[in-house]
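Every number here is computed from the coordinates shown, using simple stated rules; none is lab data. Keep in mind it's a predicted model, so treat the numbers as computed, not measured. Please note: Cβ atoms are built from the backbone with ideal geometry, for glycine as well, and neighbour counts cover all protein chains shown.
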Amino acid sequence: MKARQPDYILVFTVFALIIFGLFILSSASLVISNEKFGQSNYFLKHQLFYSLPLGLICFFLFQKINYRYWKKIIFPLLIASLILLALVFVPGIGNDTGAKRWIYLGFSVQPFEIVKLTFILYLAALLSKRENGDKTIKESLVPFLVVTGIISILVLSQPNMSAFMITFLIAGLIYFLAGARLSYLAAIAGLALVSFFALIKMAPYRMKRLTVFLHPEIDPQGIGYQIDQALLAIGSGGLFGLGLGHSIQKWKYLPEPIGDSIFAIMAEELGFIGAGVLVILFVILAWRGFKIAKNSSDRFGYLLAGGITGWLFFQAFINITAISGLIPLTGIPLPFISYGGTALIISLAGAGILVNVSKYTK
């Protein structure tokens, strides 16, 4: 099939999210940038002049590559990404303090961000065989469980509970799109839930986080501090916000103002209207992405487009609802908005693949 024009609404939405993110980051990073580096715009400059150019190169390159090509090379790509994920535990390469989520290769890389994309490509390729849909799904369960088990062991050893959740959400969505029986989906959901509650029992801080979600008044100066300050920021914004650059919570009151909590800073400065615009942009991204999947010319494109769309939308949904106190707090960044080089580059790479799929829709 000859390539056609890409989905320009999707392209516009992605670039609108990037611009939105840069404006918010310029304000949210002001205090922490001054504190750590003695300059007000260190994080903005790093995102604008390093991460974003690399991300845009990936976006424009990947939207040119026929998406079917990835099916041929996905297995070695997956293995390479898993090796990178394992390198976080290697002294001198992985970070030595706190959670082991980054590696240093002359520059910092968060390997799980790469694994998310290769995992989607792998599952889409695994489930795209057409001989017999039910037979294909059955035969895929063993390799799926092996790969998912390896990813889960590596991310939980970091520890990174949020990455574990995203892995199972992506898997469940792609199996659902592939037409898996309800019993298979229930098995995946059951495995995830059992693992989730077992992990909560194993780590006291996770249980405390769940308890704080159920009872926000408990420990306001301890584990409940971040969500309390986030809700204060969101509530202070009102309808129109305090104005860009006028956040109070970014002055070392709210933790992670450029990461997990950036939505709260945005709601404080731009109000309900600004927050609503951002939510609408993610809804448009989901609408266009799932429409591309529905109209894809083959099963691989259908599963690939659906998986990438679900990953970006679910991650945004989880971040926004968690920082708004609607679900327990997680450490999941907001796609295209939160500070983070690897996350931005891989999100743009995924968006580029999605745009390429849109060129071959029916």
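Here are the numbers for the structure shown:
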item: Mean ellipticity per residue at 222 nm, deg cm²/dmol - from DSSP H runs of n ≥ 4 across the chain, formula -39500 (n - 2.57); result: -22500 deg cm²/dmol
item: Whole-Hz ³J(HN,Hα) from phi, Karplus 6.51 cos²θ - 1.76 cosθ + 1.60, for region 285-294, glycine and proline x; result: 4, 5, 4, 5, x, 6, 5, 4, 4, 4
item: Helix 161-177 vs. the chain, principal-axis angle (Cα, 0 to 90°, nearest 10); result: 40
item: Residue among 239, 86, 266 farthest towards the positive dipole end of region 8-358, charges placed on Cβ; result: 86
item: Globularity ratio of the chain, using Cα Rg and 2.2 N^0.38 Å; result: 0.98
item: Check: region 8-358 dipole with +1 on Lys, Arg Cβ and -1 on Asp, Glu Cβ, in debye; result: 1020
item: The chain: angle of helix 182-202 to the longest principal axis, Cα-based, in degrees nearest 10; result: 40
item: Principal-axis tilt of helix 52-62 within the chain, Cα atoms, nearest 10 degrees; result: 10
item: Part-to-part distance (alpha-carbon centres) for region 296-328 and region 223-244, which is given in Å; result: 25
item: Selection from 106, 74, 39, by position along the positive dipole direction of region 24-107 (Cβ); result: 74
item: Cross-link table 71/129; 71/359; 45/116; 71/116; 116/252, entries beyond 21 Å C-alpha to C-alpha; result: 45/116; 116/252
item: Choice from 271, 190, 55 showing the highest fluctuation, given a GNM over the chain with Cα pairs closer than 10 Å; result: 190
item: Given charges at Cβ of Lys, Arg, Asp, Glu: the chain dipole, positive-most of 159, 118, 26; result: 118
